[in-house]
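Q: After the structure tokens below, expect a handful of questions from me.
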Amino acid sequence: MPPKENPVLSDLVDYRSGLSMLREGRADEAIQLLLRARTSSPRDPHVPNALGLALLYKKDYKGAVAAFSDALRLDSSFVEARNNRGVAEMEAGLFSEAEVDFQAVLDGPATPEKANAHYNLGLLHRRREAWRDAEREFSLALADSPDNDRAFRERGLARIKLDDFKGALEDFLSVLKNEPRDPVANYQVAVCLLSSGRRDLAARYMQRTVSAAPESEEGRRARRFLANEPVAPGVER
């Protein structure tokens, strides 16, 4: 998410306009405006932090790491920039460097960024296929932010890898409370139900997956399942 407007910089038109462009997904225009803002306000760390987010959106991970590093050189206690740099490093494949940044946020003073750092560290463990560690970090993220549907979804996927289908089912059902058409959650609920032999109910969630996102990977898998599944009472094809 783009940062909220910094009141200290509220009079900088380029910075304010750049944030608006970034929120609209107009990253190229945001980058140009934020580069101008950095020239006019070279000592404020919020400008390179916003620039880093725009570059991250563009998948320019090297440029994003450099921008977040500039923000940290201006303010070494800027936890949002440190967390963001960890994300850019992770996307660039610099896993060790990313872990150092996430852990620095977690070892620092209390801040809302800790929940994000736990979540990001969980993603890092997922990429390493360290499923138990990933589950722990997503659980810690949920302890700080219990309405985080992304953390529920990711913890569910980690639990599937750990063969904890009961725990995973609870996670994916939590996602569906707020996002009933989420294709990943619907498909994985079906998988969890199949693990306990509840095929008729699983077929319903497979159908929901197809309805929500027929061309997604989950939608294609659900279609293959339904093509080979006998029609159960009450299940529409």
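Laboratory data are not the source of any read-out in this text; all were calculated from the coordinates shown. Note that the coordinates shown come from a computational prediction; the quantities given were computed from them, not determined experimentally. When we count neighbours, we look across all protein chains shown, and the Cβ atoms used for this are built from the backbone with ideal geometry, even at glycine.
Q: With contacts defined as alpha carbon pairs under 8 Å and 6 or more residues apart, what's the relative contact order of the range 1-92 in percent?
A: The normalised contact order for the range 1-92 reaches 21 percent.
Q: Quick check for you: which residues of the range 115-135 have the amide N under 12 Å from the point 7 Å beyond the Cα of LEU162 toward its beta carbon?
A: 130-135
Q: Another question, then. Quick check on the range 117-157: what does the Kirkwood estimate of hydrodynamic radius come out to from the alpha carbon pairs, in Å?
A: Computed over the range 117-157, the radius equals 9.4 Å.
Q: Using 0.36 nm per residue, how much length does the chain from ASN228 to ALA110 gain when fully extended, once their Cα-Cα distance is taken away?
A: Difference between extended and current length: 37.2 nm.
Q: So, one more: Order of SER96, SER77 from fewest to most other C-beta atoms within 10 Å?
A: Going from sparsest to densest Cβ surroundings: SER96, SER77.
Q: As a test of understanding, state the convex hull volume per residue of the range 180-230 from its alpha carbons, in Å³.
A: Taking only Cα atoms, the range 180-230 has a hull volume of 61 Å³ per residue.
Q: Principal axes first, then extents: for the Cα atoms of the range 142-237, list largest minus smallest coordinate on each axis, whole Å, largest first.
A: In descending order, the Cα extents are 43, 25, 22 Å.
Q: Would you list, by chain and number, the lysines whose Cα falls below 30 Å from the Cα of LYS177, excluding same-chain residues fewer than 8 positions away?
A: Cross-link targets: LYS4, LYS114, LYS161, LYS166.
Q: Further question on the same structure: Please report the relative contact order for the chain, taking Cα pairs under 8 Å with a sequence separation of at least 6, and give it as a percent rounded to a whole number.
A: 8
Q: Scan the chain and report its longest stretch carrying no GluC sites (Glu not before Pro) that are both in a DSSP loop and have at most 11 other Cβ atoms within 10 Å.
A: Here the longest run is 25-128.
Q: Another question about this same structure. Name the aspartates and glutamates eligible as straight-distance cross-link partners of LYS58: C-alpha to C-alpha under 13 Å, and not fewer than 8 places from it in the same chain.
A: Cross-link targets: ASP28, GLU29, GLU91.
Q: Next question, about the same structure. Do me a favour and compute the ellipsoid semi-axes for the chain from its Cα gyration tensor, root of five times each eigenvalue, largest one first, whole Å.
A: Over the Cα atoms of the chain, the semi-axes work out to 40, 20, 14 Å.
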